[in-house]
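Data block below; observations after.
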Amino acid sequence: MRFRHADAVRSDHPGLTAGALYATGVDASADVGPRVAEYTARALERLAAGSESGFPEVLAWRRAFTRMGLRPTQYRCASESLLRRLRKEGSLPRIHPVVDLCNAISAAYAVPVAALDADRIAGPLLEVRPARGDEEYTAFGGGVEHPAPGEVIFADSAGRSHARRWTNRQSGHSAVGAETRRILVVAEALHDGGGQTVPELLKTVAEELAAHWPAEPTTAVLSSAAPEFVWPDGGQGPG
């Protein structure tokens, strides 16, 4: 299985730094509460000095969404949404240990982090690319949508969209859940300094996964020179 960003996406967003991680052996049994609390506290400390809307990491995504024709106050990148909820409510929702960790780390770094069930992705390619308009996106409520032509999505080889509006919203189809054992984690940054932030964030996620599960995460920072991340297909068939 391969993950990459289409040339059109990289061309339109030359400041993109992306990283990917693959791990097996995760489940819903780990107690990640203390670690989630630590990363959440880091995010809250930063929020105490000013709203997430002024963070360079968030501003870079707001500019990108504007260039894509999206109102950035209507469609927020995932990390901004998490930080906004954290600022208003003081905590993040508890969903699944893997998701909880990734959400807390995303908030701490103010960088969007997607965690997907790798067995729900149809190979051989998952690509961040403009939609054709015929792809299917499954909302968390179960409804099926078709992303608009040109909208940036995570598209697999079966034409399923695993995220809409790039980093705005993931799909319920590949959400990490009770049966998940293999995950793909993607982190993406557009701000100046993303080249330092993304590798550090990936290292943090890998260390946390290895500390809580019998996992040996594989990571890679993607670039124009090395644009693809490859992970085992697991023999599970299409997602």
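General remarks:
- Calculated from the structure at hand, Rg/Rh (Cα atoms, Kirkwood Rh) is found among [x] 0.95; [y] 0.93; [z] 1.01 as [y].
- Label-point separation in nm, GLU136 to GLU216, each point 7 Å along Cα→Cβ: 3.7
- Here the chain is treated with +1 on each Lys and Arg Cβ and -1 on each Asp and Glu Cβ, and its dipole about the Cα centre works out to around 720 debye.
- For the pair ARG67 and ALA6, label points projected 7 Å from Cα toward Cβ lie 1.6 nm apart.
- The GLU89 and ALA178 beta-carbon pair, evaluated with R₀ = 30 Å, returns a calculated FRET efficiency of approximately 0.75.
- For the pair GLN74 and ALA48, a Förster radius of 25 Å applied to the C-beta separation gives a FRET efficiency near 0.40, rounded to the nearest 0.05.
- Comparing GLY172, ALA107, ALA148 along the charge dipole axis of the chain, the residue lying farthest to the positive side is ALA148, per the Cβ-charge model.
- Per residue, the chain reaches -10000 deg cm²/dmol at 222 nm when only DSSP H runs of four or more residues are counted, each adding -39500 (n - 2.57).
- The label-point distance for LEU125 and ALA41, in a model that sets each label 7 Å from Cα toward Cβ, rounds to 4.6 nm.
- Shape class for the stretch 60-119: oblate, because the ratio a/c of the largest to smallest gyration tensor axis (alpha-carbon atoms, square roots of eigenvalues) is 1.5 or more and b/c is at least a/b.
- What the Cβ-Cβ distance of GLU207 and GLU228 gives, at R0 = 22 Å and to the nearest 0.05, is a FRET efficiency of 0.35.
- For the stretch 1-108, a/c is not less than 1.5, where a ≥ b ≥ c are the root eigenvalues of the C-alpha gyration tensor, and a/b does not top b/c. That puts it in the oblate class.
Bear in mind these aren't lab numbers, they're just calculated from the coordinates by the rules spelled out. Note that the structure is a prediction, hence the values are computed from the model and not measured. Counting neighbours? That spans all protein chains shown, and the Cβs are built from the backbone with ideal geometry, glycine included.
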